[in-house]
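Before any comments, here is the structure.
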Amino acid sequence: MTGRERIKVCYMAHTFAVGGAEEMVLNLVRHLPPRFEPVVCCINDAGPIGEEIRKTGTPVAVLGLTPGLRHPWHVGGIRRYLRETKPAIVHTFLLTASLYGRLAALLERVPIVIGTEVNIYERKRRHHIVAERMLMARTSRVIVSANSVRDFYVSQIHADPAKIDVVYNAVDWKSIQPTRSRAHIRASLGIDANARLAGVIARLTEQKGHRYLFRAMASPELADMQLIVVGDGDLRDVLKADAQALAIAPRVHFLGARRDLGDLLAAMDVFVMPSLWEGLPLSMILAMGAGLPVVATAVAGIPEVVENGKTGWLVPAGSVVGLSQALKEVFANPARASEVGQAARDFVLPRFGVDTYVNSVSGLYDRLLAERAA
């Protein structure tokens, strides 16, 4: 390889839906140093973020494959793509790519293969654990989103700690800039300008704990609180039915997946992250960067960022009472909530910017390339 040749890096996931891991890839292809040449492989479908990545000018391949126990031969399709593309580095995201993408890359003898673990997956299936243990033997590194994720992954996979790098998830702070006034944003959502408004930005899945937030919202002390629910997922209809059953449906606004997060954060008084398990949620980091007080569950990497009473409020996972009490405290003392929101902003802005993340990841690429060259 001559000094003038760019180093081809292939980012791979099953599909690039709207989520934290997908945002990481979008940030990487936008901000990688010019010595790297990013390409993106969508094993099944491009998804919304995949289409955004395509608009950056980055080549995006959509393979239309569903590798797994029912279609094990689809690994061959991934191998053919890698054989034609010839990347020096394959960097995988999320479960399907972590298993079958890494397997294809190793079978094709890609020089450097990197996995990513963004959550603590206590419910990972046994055969997935066994497969990951086998893949780790030849995986160059696994990047994890928090110290707690590293510790759990090392224990679960029996991974060599020396092959695990902690790189905290990061955000592009440009995305928190609102484009409209707070009053105009609220009016567009059908929410009164003076309403007490909480918000949650997360996929509508069991992991994110929306049900517990809904039950907390049904308490008499929060009877005047409105909630915007940003995101989509398998539980959309179930959660709408839950809101109806709890008699809170008129106060819960399901907005679906949105990209105007700066506007939506500007409309909120408080951000809530009621997850049952996590890694380090990007939407929470964004909210903190926007100066919002945050109420979050004390799981995985969240307590590494949110210090209870100083940069937010921490409650036990699945605690309706904890969520209710924390929200009541936020609304009861707006001045205190504002102070906590400002402290959160001061904490995250210098630590979780996209440049820091990209520098850490590209620095890892350089070290692995140097090790291989040596």
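The values are calculated or read from the model by the stated rules, or taken from the named source; none is laboratory data. Given the structure is predicted, the values throughout are model-derived calculations rather than measurements. All Cβ positions, even for glycine, are placed from backbone atoms using ideal geometry, and neighbour counts span all protein chains on display.
Quick notes on this one:
- Failed condition for ALA198, given (1) within 19 Å of the chain's Cα centre (by Cα); (2) assigned to a strand (DSSP E or B): (1)
- Of all the residues in the stretch 327-350, those that are among the small types (Gly, Ala, Ser) and farther than 12 Å from LEU292 by Cβ number 2.
- Residues of the stretch 277-336 that turn out to be touching a residue at least 12 places away in the same chain (Cβ under 8 Å) and assigned to a strand (DSSP E or B), as a count: 9
- Some residue of the stretch 358-367 being part of a helix (DSSP H, G or I), surrounded by fewer than 17 Cβ atoms within 10 Å (Cβ to Cβ) and of a type in the set (S, T, N, Q): yes
- Pairs, first aromatic (Phe, Trp, Tyr) in the stretch 28-45, second surrounded by 23 or more Cβ atoms within 10 Å (Cβ to Cβ), C-beta under 6 Å, six or more apart: PHE36/VAL9
- Number of positions in the stretch 330-341 that are within 13 Å of MET225 (Cβ to Cβ) and touching a helix residue (DSSP H, G or I) at 6+ places or on another chain (Cβ under 8 Å): 2
- Long-range neighbours under 9 Å by Cβ, at least six apart or interchain, first residue farther than 9 Å from VAL200 by Cβ and of a type in the set (Lys, Arg) within the stretch 261-273, second crowded, with 24+ Cβ neighbours inside 10 Å and at pLDDT 95 or above: none
- Taking the stretch 55-151 and the strands (runs of 3 or more DSSP E) fully enclosed by it, the elements with 2 or more residues that are within 30 Å of ALA300 (Cα to Cα) and touching a residue at least 24 places away in the same chain (Cβ under 8 Å) are at 89-92, 112-117, 141-144.
- Any hit, the stretch 358-374, residues being in the same structural domain as PHE36 (by TED's automatic domain parsing), among the polar types (S, T, N, Q) and touching a residue at least 60 places away in the same chain (Cβ under 8 Å): yes
- Any chance LEU26 is more than 20 Å from THR139 (Cβ to Cβ) and in a loop (DSSP other than H, G, I, E, B): no
- Test: residue in the stretch 212-224 that is over 22 Å from PHE331 (Cα atoms) and buried (at least 17 other Cβ atoms within 10 Å of the Cβ): no
- Boolean, ARG180 is buried (at least 20 other Cβ atoms within 10 Å of the Cβ) and either in the same structural domain as LEU286 (by TED's automatic domain parsing) or part of a strand (DSSP E or B) (or both): no
- Only one of the numbered conditions (1) polar (S, T, N, Q); (2) under 16 Å from the mean Cα position of the chain (by Cα); (3) surrounded by fewer than 24 Cβ atoms within 10 Å (Cβ to Cβ) is not met by SER275, and that is (3).
- Residues of the stretch 278-313 that turn out to be surrounded by 22 or more Cβ atoms within 10 Å (Cβ to Cβ), over 26 Å from ARG182 (Cβ atoms) and not acidic (Asp, Glu), as a count: 7
- Condition check for GLU37: acidic (Asp, Glu), modelled with pLDDT of 95 or more and in the same structural domain as ALA105 (by TED's automatic domain parsing): yes
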